[in-house]
Structures are given as structure tokens and as C-alpha cells.
Amino acid sequence: MQIVDAHQHLWDPDLFRYSWLDSLPSLNRSFRMPDYLAAAKGLNVVKSVHLEADVDEPYMLDETRHLLALADQPDNTLEGIVACGRPESEDFKSYLDRIAGHRKLKGIRRVLHTQADEVGKGATFIRNVAALFDYGLSFDICVLDRQIPIAINLVSKCPDVAFILDHCGVPQVKEKRLDPWRAYITEIAQFPNVCCKVSGLVAYADSKRWTAEDLRQFVEHTIASFGWDRVLFGSDWPVCTLSASYQQWVEALRTITQGAGEVNQKKLFHDNAVRVYRLA
């Protein structure tokens, strides 16, 4: 089966500064496109979407332009770029105007799980996210499970914008804590303009002893809530390597979903990402 990876990362500290890497020694090095292609080798990954990696703010524009140039090269799988942005800023639209128009720019993300809750609740933030519709861009939501109500409020006020909830809403997998995450996922899935990435879960599991069964309830509840037409596979590479290789994560997700049949697995691993991110 062909795979479209809806959530990969690259970063190069020799080019740009990523302060959050300082606290994660195993990730605090360059992860470039050849490394990604090597990690995905043998899995038939035919396209991928790059998600910004929370670069330090002074480097946002340069990182975005660097990634768009990389996506233009014919020697890799990149078909979509979700760029870094600061919707809480009054200058957000000016920033958008400087990056808009590239055919592989698909959306914007602002990592909120590292920020105070007030950031995603602000009137300027919500107004600027709503403006993404005018640019033909989607918005990736990256929040902790306890912050999903903030995402629900945002989504409810931006009905025209396409949203993608990253990492199943970041549940507490290692702690096996299903509630209140489960109710939050059921609620946000009621909005038809929201899809969800089945990604990141393995990084939140017990890095030494996780199994596919540890992830099953989180995957199955996400799919039951959103349906097979609104879920997308994402590797979250290289963050997934905190607990698993790319191949181990793919194999675990295939094991969990094998009873659903090939048609539904193809939606999860390929078709939905092509549609949601408008890939060539």
C-alpha cells in the first residue's frame, strides 16, 4: 500500500535556531531530507507533508522559504508545507502575504501546547486564523488534551477554515488516561471542518515498553469519532524516534487497523491526506 505521510519534520540547527531542542538531547541535531528518506525506506511513502518544527520566531520566514525551495526539488517526497505562524500577532497577515502563492504551501501551524492557554483564546488569534480561508490555507491545531476545549472554541468561530487536529489531541498514552480526552475528541469531531491526524501517539507512550495494544484505545476512539474519511496517518518523524522507528510505528498502526479492511486503511494511510492537504 502506498503511504502519504501527513506529518513529517525536518530541522537543521546549523541553519536555524530551535530552542526547544535544548531539553531533548536525542533530537538536538540535524534531521535532513536524506535522513527522512532513509527512515522511510521500504515503506512505499510516495508523498509527505512537512509540518513546521516550532523554529524560533526570528527564523520563521527564512525557514518557510527554505522548506518551500526544498519542496520544489524533484528528489524528495515533499508535496505540502505547513508553515510556522503567529496568529496572535497583529502583523500576521503581512507575514502571510510574504509567503502566500506557492502551490505547495498548504497551511499554517502555531504550536499551542507550549504556550499559555490565553494565546489560543485571544481575539486577534481567532480573527487571524479565520482569515486563512481567504488565502486558501488550512490550520493545524497542536494542543495538549486538556487544551482541546480551546481548540473547540477556535473551530466554532472559524466555520469556513479547514482544521487538522494533530496527534489525536495529545492524549496521555503512557498514563493510559482516556478521560476527559475521550469526551473532548467526541465533541470536536462534531465539527465537519475538522479532521484528525493519527500521529504522535507512540512518542507519548512508555518509550521502553510500549506495545500496539497500549495505543489501540486511543486510535480506535479517534477513528470512531471522526470516521474513516477524516483521519490521516502521520509519522511525526523524527519525534517518533523517542520511542520507535518509523517502521515500528507504521507496523503498530497497521496491526491496530487491520480488521477494518484495505479500503479503510487506504483512506487512513493515503487517500484522506491527498484530499485534505490538496496534494498533487
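Comparing K176, K267, K104 in a Gaussian network model of the chain, where Cα atoms under 10 Å apart are tied by springs, the biggest mean-square fluctuation is seen for K176. Taking only protein heavy atoms into account and a 1.4 Å probe, give the accessible area per residue of the chain in Å². Averaged over the residues of the chain, the accessible area is 42 Å².
Largest GNM mean-square fluctuation among H102, H221, H270, using the chain with Cα springs under 10 Å: H102. For W210, nonlocal amide neighbours, meaning residues 5 or more places apart or on other chains whose placed amide H falls under 5 Å from its own, do not occur. The figure for F16 is an accessible area of roughly 20 square angstrom, using a 1.4 Å probe on the protein chains alone. Residues whose amide H lies under 5 Å from that of V198, counting only those 5 or more places away or on a different chain, are L232, F233, G234; hydrogens are built 1.01 Å from N in the peptide plane.
Once the mean 1/r over all distinct Cα pairs of the stretch 157-228 is inverted, what Kirkwood radius in angstroms do you read off?
It works out to 12.6 Å.
For the stretch 208-280, give the percent of accessible area contributed by carbon and sulfur heavy atoms, probe 1.4 Å, rounded to a whole number.
49
Sorted on the mean count of surrounding Cβ atoms within 10 Å across their residues, most packed first, peptides 60-73, 238-251 read 238-251, 60-73.
The phi torsions of the stretch 225-242, fed into the Karplus equation with coefficients 6.51, -1.76 and 1.60 and a -60° offset, translate into couplings of 6, 8, x, 5, 8, 10, 10, 10, 6, x, 6, 6, 6, x, 4, 4, 5, 4 Hz, rounded to whole numbers, with Gly and Pro shown as x. For the stretch 32-130, carbon and sulfur atoms together expose 48% of the accessible surface, with a 1.4 angstrom probe and every protein chain in place. In terms of distances greater than 32 angstrom between alpha carbons, the cross-link table entries K47/K93; K157/K208; K47/K121 yield K157/K208; K47/K121. Computed with every protein chain present, the accessible area of K93 is close to 90 Å² [probe 1.4 Å].
The values are calculated or read from the model by the stated rules, or taken from the named source; none is laboratory data. As the structure is a prediction and not an experimental result, all values here were calculated from the model. Glycine gets a Cβ as well: all are built from the backbone with ideal geometry, and neighbour counts include every protein chain shown. Calculation scope for accessible area: heavy atoms of the full protein, side chains included, ligands and nucleic acids excluded. Shrake-Rupley method; radii C 1.70, N 1.55, O 1.52, S 1.80 Å.
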